[in-house]
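Visitor: What follows is a structure written as structure tokens; I'll ask about it next.
The values are calculated or read from the model by the stated rules, or taken from the named source; none is laboratory data. Predicted model, so just to flag it, every value in this text is computed and none were measured. Heads up, the Cβs are rebuilt from the backbone with ideal geometry, glycines too, and the neighbour counts pull from every protein chain shown.
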Amino acid sequence: MALYSKKVMEHFMKPKNVGEIKNADGVGTVGNPVCGDLMTVYVKVKAGKIADIKFKTFGCAAALATSDMICDLAKGKTLEKAATLTRADVAGSLGGLPPIKMHCSNLAADALHEALYNYYKKSGLTIPEALSKEHESRKKHAEH
Ligand code: FES
């Protein structure tokens with residue numbers, strides 16, 4: 001049986017959202033301490049919605065596919081809706097991931113949430129509690 005679903009392969013082979021947004025309104029970078037992979041998500045916000053989103057990922061096929069998928073899922077959504085996208089949403093939209101690759105999907109939702117956190121912070125807006133908590137716990141883990 002193939003390791004990856006057809007959807008994962010599509011997003012891995014032909015990612016539509018790869019790149020960087022100059023003067024992004026929010027940028028989030030997260031890393032996986034186990035494999036050392038790194039993902040950065042850039043967002044442009046207009047009227048409370050994600051007007052544009054791009055990613056740069058140094059990682060495995062699953063990490064690349066999940067980065068591309070989180071961008072598809074978040075684009076056009078309100079910030080509130082985008083903040084509720086989960087790791088499971090990403091894996092589910094890709095038709096699942098092999099169990100040993102599930103951890104790779106964590107990066108995508110985390111990088112998006114981090115970019116949103118960064119947007120709220122930079123804009124001087126009140127940071128939603130859930131994003132703030134997540135950010136603090138990531139920081140704590142990174143320090144250990
Ligand atoms: Fe590192 Fe997949 S092996 S994110």
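Visitor: Taking the criterion of being more than 16 Å from the ligand (Cβ to nearest atom), assigned to a helix (DSSP H, G or I), touching a residue at least 12 places away in the same chain (Cβ under 8 Å) and out of contact with any Lys or Arg (no Cβ under 7 Å at 6 or more places or on another chain), would at least one residue in segment 91-109 satisfy it?
Guide: Among the residues of segment 91-109, at least one is more than 16 Å from the ligand (Cβ to nearest atom), assigned to a helix (DSSP H, G or I), touching a residue at least 12 places away in the same chain (Cβ under 8 Å) and out of contact with any Lys or Arg (no Cβ under 7 Å at 6 or more places or on another chain), which makes the answer yes.
Visitor: Identify the residue in segment 22-45 that is surrounded by fewer than 16 Cβ atoms within 10 Å (Cβ to Cβ) and touching a His at 6+ places or on another chain (Cβ under 9 Å) and, among all such residues, is farthest from Ile100 (Cα to Cα).
Guide: Pro33
Visitor: Taking the stated definitions as given, is Ala2 loosely packed, with under 14 Cβ neighbours inside 10 Å, more than 16 Å from the ligand (Cβ to nearest atom) and either part of a helix (DSSP H, G or I) or aliphatic (A, V, I, L, M) (or both)? First the steps, then the outcome.
Guide: On the way: loosely packed, with under 14 Cβ neighbours inside 10 Å: yes; more than 16 Å from the ligand (Cβ to nearest atom): yes; either part of a helix (DSSP H, G or I) or aliphatic (A, V, I, L, M) (or both): yes.
It is true that Ala2 is loosely packed, with under 14 Cβ neighbours inside 10 Å, more than 16 Å from the ligand (Cβ to nearest atom) and either part of a helix (DSSP H, G or I) or aliphatic (A, V, I, L, M) (or both).
Visitor: Hey, could you check segment 98-138 for residues that are of a type in the set (S, T, N, Q) and in contact with a strand residue (DSSP E or B) (Cβ under 9 Å, 6 or more places away or on another chain) and say which is nearest to Thr86 (Cα to Cα)? So that I can check it myself, show each step before the final result.
Guide: Of segment 98-138, the ones of a type in the set (S, T, N, Q) are 105-106, 118, 123, 126, 132, 137.
Subset that is in contact with a strand residue (DSSP E or B) (Cβ under 9 Å, 6 or more places away or on another chain): 106, 118, 123.
Working: Asn106: 8, Asn118: 18, Ser123: 24 Å.
The residue in question is Asn106.
Visitor: Give me the residue from segment 46-58 that is within 16 Å of Phe12 (Cβ to Cβ) and touching a helix residue (DSSP H, G or I) at 6+ places or on another chain (Cβ under 7 Å) and, out of that set, surrounded by the most Cβ atoms within 10 Å (Cβ to Cβ).
Guide: Filtering segment 46-58 down to residues within 16 Å of Phe12 (Cβ to Cβ) leaves 55-58.
Right, trim to touching a helix residue (DSSP H, G or I) at 6+ places or on another chain (Cβ under 7 Å) and you get 55, 57.
Working: Phe55: 28, Thr57: 22.
Filtering segment 46-58 for residues that are within 16 Å of Phe12 (Cβ to Cβ) and touching a helix residue (DSSP H, G or I) at 6+ places or on another chain (Cβ under 7 Å), the one surrounded by the most Cβ atoms within 10 Å (Cβ to Cβ) comes out as Phe55.
Visitor: I'd like to check something: does segment 27-44 contain any residue that is more than 29 Å from Lys121 (Cβ to Cβ) and hydrophobic (A, V, I, L, M, F, W, C)?
Guide: At the first step, the residues of segment 27-44 found to be more than 29 Å from Lys121 (Cβ to Cβ) are none.
Within segment 27-44, none of the residues are more than 29 Å from Lys121 (Cβ to Cβ) and hydrophobic (A, V, I, L, M, F, W, C).
Visitor: Pick out the one residue from Gly36, Gly76 that is touching a residue at least 24 places away in the same chain (Cβ under 8 Å) and on the phi > 0 side of the Ramachandran plot. Break it down into steps so the answer makes sense when it comes.
Guide: Numbers: Gly36 fails: touching a residue at least 24 places away in the same chain (Cβ under 8 Å).
Step by step, each of Gly36, Gly76 is checked, and only Gly76 is touching a residue at least 24 places away in the same chain (Cβ under 8 Å) and on the phi > 0 side of the Ramachandran plot.
Visitor: Can I ask one more? Of these, Lys6, Lys81, Lys75, Lys56, which one is touching an Asp or Glu at 6+ places or on another chain (Cβ under 9 Å) and more than 25 Å from His141 (Cα to Cα)?
Guide: Values: Lys6 fails: touching an Asp or Glu at 6+ places or on another chain (Cβ under 9 Å); Lys81 fails: touching an Asp or Glu at 6+ places or on another chain (Cβ under 9 Å); Lys56 fails: more than 25 Å from His141 (Cα to Cα).
Result: Lys75 is the single residue among Lys6, Lys81, Lys75, Lys56 that is touching an Asp or Glu at 6+ places or on another chain (Cβ under 9 Å) and more than 25 Å from His141 (Cα to Cα).
Visitor: OK, next. Could you look through segment 67-86, keep only residues that are modelled with pLDDT of 95 or more and β-branched (Val, Ile, Thr), and pick out the one that is nearest to the ligand (Cβ to nearest atom)?
Guide: Ile70
Visitor: Check segment 14-21 and report whether any residue there is within 16 Å of the ligand (Cβ to nearest atom), modelled with pLDDT of 95 or more, farther than 26 Å from Ser132 by Cβ and surrounded by fewer than 15 Cβ atoms within 10 Å (Cβ to Cβ).
Guide: yes
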